[in-house]
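**Q** Dumping the structure here so I can ask a few things about it.
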């Protein structure tokens, strides 16, 4: 019985662990930029903006087979944002551009991403490849503070 309880505890820690990182943010209102980032299981995820650019989600460090790595190619990547109760606040595919020299995928929107509000209000965000593979799943702790800084610094 004791071994079974310990096993459950270890499983819970393994599942909950990657979502524990808080987003770190910085901004410079005078220069008009802001960014927030987090890292989970070796994948670095960042949301950044400036006065001259809309907020852009980007990530790098993903080494799995779920995404093609073709320079200058665009892939449809699904963004899923859930609330604290697990209810989906936003889910849709978005075009991401792959820049091989930096091994980075960058979102491509002409306007602010439609998920920006959900990003600040949600509890977790999953980045999912077109084949359904989870690229990263991150907690959204600290994103409401980051979006407030972005609204000020980037004039959103």
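Every number here is computed from the coordinates shown, using simple stated rules; none is lab data. For clarity, every value in this text was computed on a predicted model and none was experimentally measured. With ideal geometry, Cβ positions are generated from the backbone for all residues, glycine too; neighbour counts draw on all protein chains shown.
**Q** Checking the condition within 15 Å of the chain's Cα centre (by Cα) and within 18 Å of residue 35 (Cα to Cα), which residue from 120, 149 passes?
**A** 120 is the lone residue from the list that is within 15 Å of the chain's Cα centre (by Cα) and within 18 Å of residue 35 (Cα to Cα).
**Q** Which of the residues spanning the stretch 128-150 are assigned to a strand (DSSP E or B) and farther than 12 Å from residue 47 by Cβ?
**A** 128, 134, 135, 136, 137, 139, listed by residue number.
**Q** Quick check on residue 120: is it in contact (Cβ under 8 Å) with a residue 12 or more places away in the chain, crowded, with 19+ Cβ neighbours inside 10 Å and part of a strand (DSSP E or B)?
**A** No: the conditions fail for residue 120.
**Q** Suppose we filter 97, 109, 90 for residues that are outside any strand (DSSP E or B) and touching a strand residue (DSSP E or B) at 6+ places or on another chain (Cβ under 8 Å); which single one remains?
**A** When all the criteria are applied, what remains is 109.
**Q** Continuing with the same structure: Of all strands (runs of 3 or more DSSP E) completely enclosed by the stretch 24-73, which ones contain at least 1 residues that are farther than 16 Å from residue 150 by Cα and touching a residue at least 60 places away in the same chain (Cβ under 8 Å)?
**A** 33-40, 43-50, 53-60
**Q** Go through the stretch 74-84 residue by residue and tally those that are in contact with a strand residue (DSSP E or B) (Cβ under 8 Å, 6 or more places away or on another chain) and assigned to a loop (DSSP other than H, G, I, E, B).
**A** Selection size over the stretch 74-84: 1.
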